[in-house]
Every structure is written in structure tokens, then in C-alpha cells.
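Chemist: One structure, as C-alpha cells, below. Some questions next.
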Amino acid sequence: MASEIPPLVLEEPARRGIVLDMVVEAVRRAGLVPHITFMPWKRVKETGSAAKDTLIVPLTRLPSREADFTWIAPLLSVERVLVSLKHRVDTLDQARALGVRIIVAAGSAPEQALKDANYPLHLIISVPMGMNEPYMLRMGRGDAWFTSGFQAQWRWQGEGHTEPLIVGDVIQVDSIYLGCSLQCDPAYVKALAAAVESMRLDGTLAAIPQLYVRTN
């Protein structure tokens, strides 16, 4: 099960996105054949855990999700930051003190981080994942966008916005995993973990993100 979250997962014929590229290669090296189903993130999150022998892409490892999935191997680390157009915001405490309205993808790791930090609910603007975050920021419907710096720059440039983003300090670092449904064949888990390790050793995991660095 995959949900389009650029540039981690892309539902495009020519490219799959950073994490989906990694997962497809791991599946291939494990001697398996992938069958990819795209659906909205909310549905992936709600149904993925109860599925059987199903990989969930992309899946960030969080304490609140620990018991719901089978965690096979880490694929990628992402740095979560607040990006804005007017004022730099470096911490959630600073944002709270300033009454910053934060745009965040619903059901995402950044949204969970805001809730864990008891950020005021009336200042959290949750939107469907991968939909309108850049547009809402540009139109002033929120004061900052909580995401990874890489994803923010990718989408901002890709959607044609020219104003420079102001990127704050790293607030937290999350690990995106090769994750499976809770009921997952141990043989699959072992083979896929070995495949990811081989990708780490031969440099494939490090090389794939470079294919998605924008030059414009």
C-alpha cells in the first residue's frame, strides 16, 4: 500500500519517488514481485496494520505506531522543520509563544509531534496529506508549515512558487522504515531486511535520494 507524498512517493510512470524506489528495489533483491496499490494516506494508515504481508509506504516509525506494524529496516532519516515566508521559527515553544498557525499534513508524523507537544489545537491547521500545504502557506492561511525541509523545497519549487522559504532549525529527526502489516511472514521480514542491508552496504540507499535533488 502506497500513498503519494512527493518526493517520497510519486504516482508517476517514469519515477516512483525516493522511498518507493528503495522499497521496490528491496523487494526485487528479496526475490519477490511487488504489486503496488495507491490510495489516500488516511486509508493506508487505517487499513495497513490489519492487512497481511503488506508493505506500507512511506511509514515513519513513531512510538504511537510501534505496536501496529512490523518494523523491518530503516530506509531514510528526515529532518522536520518549520518553514515560513515572513519570520523564522526555530522551535515549537517559540511558535507557541508567538501564536503561530501551523499547517501540517493530517495523520503525518509532524502532526503527531504537534499533538505530543500539546501544541494548541486551534493553531494546528491539518490538511489532507500532499494536497494544499504550499498554496495555503503562500495565501497566508497559516503562518508556518511543519514538514521536512527537503519535502518543502521540492514541492515549493515544483509548484512554481518563487518566494524564498525561510527554514527554521531542525525540530526533530524521524526515521522512515520499510514497514509491514502487523501480520507479516517472518521469511519475508528476514529476506527484506537482508535486502535493505545490502542496499546500505553498496551505496544504493544513499544514491537514490540524489536522483530527486532539484537543480532549478
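The values are calculated or read from the model by the stated rules, or taken from the named source; none is laboratory data. This one's a predicted model, so the numbers in the text were calculated from it and none came from an experiment. Every residue, glycine as well, gets a Cβ built from its backbone with ideal geometry; the counts of neighbours run over all protein chains shown. Calculation scope for accessible area: heavy atoms of the full protein, side chains included, ligands and nucleic acids excluded. Shrake-Rupley method; radii C 1.70, N 1.55, O 1.52, S 1.80 Å.
Chemist: Only bridges with both residues in the chain count here: give the DSSP antiparallel percent, nearest 5.
Modeler: Once the DSSP bridges in the chain are tallied, antiparallel ones form about 70 percent.
Chemist: Scan the chain and report its longest stretch carrying no GluC sites (Glu not before Pro) that are both in a DSSP loop and have at most 16 other Cβ atoms within 10 Å. Numbers along the way, then the final one.
Modeler: Values: sites that count: E11, E66, E159.
Between exposed loop sites, the widest span is 67-158.
Chemist: Also: Tell me the accessible surface of Y135 in square angstrom (1.4 angstrom probe, heavy atoms of protein chains only), to the nearest ten.
Modeler: Rounded to the nearest 10, the figure is 100 Å².
Chemist: I need the shape label for the stretch 68-167. Rule: rounded when a/c is under 1.5, else prolate if a/b > b/c, else oblate, with a, b, c from the alpha carbon gyration tensor.
Modeler: Because a/c hits 1.5 or more and a/b fails to exceed b/c, the stretch 68-167 counts as oblate.
Chemist: If I ignore ligands, DNA and RNA and count only protein heavy atoms, how much of D93 is accessible to a 1.4 Å probe, in Å² to the nearest 10?
Modeler: In the full protein context, D93 sits at about 110 Å².
Chemist: Suppose we look only past 16 Å in the calculated P(r) of the stretch 14-105. What percent of the Cα-Cα pairs does that tail hold?
Modeler: It works out to 67 percent of all Cα pairs.
Chemist: Leaving out ligands and nucleic acids, and using a 1.4 Å probe, what accessible area per residue does the chain come to in Å²?
Modeler: That works out to 49 Å² for each residue.
Chemist: Ok, one more. L75's amide H: which non-local residues (gap 5+, or another chain) put their own amide H closer than 5 Å, with H modeled 1.01 Å from N in plane and none for Pro or chain starts?
Modeler: When sequence neighbours closer than 5 places are left aside, the close amide H contacts are I176, Y177, L178.
Chemist: Related question: Could you please put M136, M199 in sequence from largest to smallest accessible area, using a 1.4 Å probe?
Modeler: Output order, biggest surface exposure first: M136, M199.
Chemist: Going by amide H atoms built from the backbone, whose H comes under 5 Å of the H on I125, apart from near neighbours?
Modeler: I102, I103, V104
Chemist: Can I ask one more? For K115, K42, K86, write out the residues from largest to smallest accessible area, computed with a 1.4 angstrom probe and no ligands counted.
Modeler: Details: K115 100, K42 145, K86 165 Å².
Result of the area sort, largest leading: K86, K42, K115.
Chemist: Less than 15 Å Cβ to Cβ from P13, Lys/Arg counted +1 and Asp/Glu -1: what total charge do the surrounding residues give?
Modeler: -2
Chemist: Out of the total accessible area of the chain (probe 1.4 Å, heavy atoms of protein only), what percent is carbon and sulfur?
Modeler: Answer for the chain: carbon and sulfur cover 53 percent of the accessible area.
Chemist: Please compute one quarter of the surface area of the Cα convex hull for the chain and express it in square nanometres. Walk me through the intermediate numbers first.
Modeler: Working: hull surface 47.0 nm².
Mean projected area of the Cα convex hull: 11.8 nm².
Chemist: Taking Cα atoms, how many degrees apart are the long axis of helix 149-158 and the longest axis of the chain, rounded to 10 and kept between 0 and 90?
Modeler: Once rounded, one gets 80 degrees.
Chemist: List the residues of the stretch 1-28 whose backbone N lies under 18 Å from a point placed 7 Å from the Cα of E159 along the Cα-to-Cβ direction.
Modeler: Residues 4-11 qualify, since their backbone N sits under 18 Å from the label point.
Chemist: Quote the FRET efficiency, to the nearest 0.05, computed for A207 versus R141 with a Förster distance R0 of 45 Å and r equal to the Cβ-Cβ distance. Don't skip to the end; give the middle numbers.
Modeler: Details: r = 38 Å, r/R0 = 0.83.
So, using R0 = 45 Å, E works out to roughly 0.75.
Chemist: Also, quick follow-up: Leaving out same-chain residues fewer than 8 places away, which lysines sit with a Cα under 23 Å from that of K52?
Modeler: Excluding near neighbours in sequence, the set is K42, K190.
Chemist: Something else: What does the accessible area of R200 come to, in Å² to the nearest 10, when a probe of 1.4 Å is used?
Modeler: Rounded to the nearest 10, that gives 100 Å².
Chemist: Going by alpha carbons, how many degrees (0 to 90, nearest 10) lie between the helix axis of 18-29 and the longest principal axis of the chain?
Modeler: 10 degrees
Chemist: Amide H of T70 versus every other amide H placed in the peptide plane: which residues, excluding those fewer than 5 positions away on the same chain, fall under 5 Å?
Modeler: C180, S181, L182
Chemist: While we're on this one: Compute the relative contact order of the chain as a whole-number percentage, counting only Cα pairs closer than 8 Å that sit 6 or more residues apart in sequence.
Modeler: 34 percent
Chemist: Quick check on the chain: helices-only [θ] at 222 nm, where DSSP H runs of length 4 and up contribute -39,500 (n - 2.57) each and the sum goes over total residues. Nearest 500, please.
Modeler: -9000 deg cm²/dmol, from helical runs alone.
Chemist: Once a ≥ b ≥ c are taken as the square roots of the eigenvalues of the Cα gyration tensor of the stretch 11-53, is the result rounded (a/c under 1.5), prolate (a/b larger than b/c) or oblate (a/b not larger than b/c)?
Modeler: oblate
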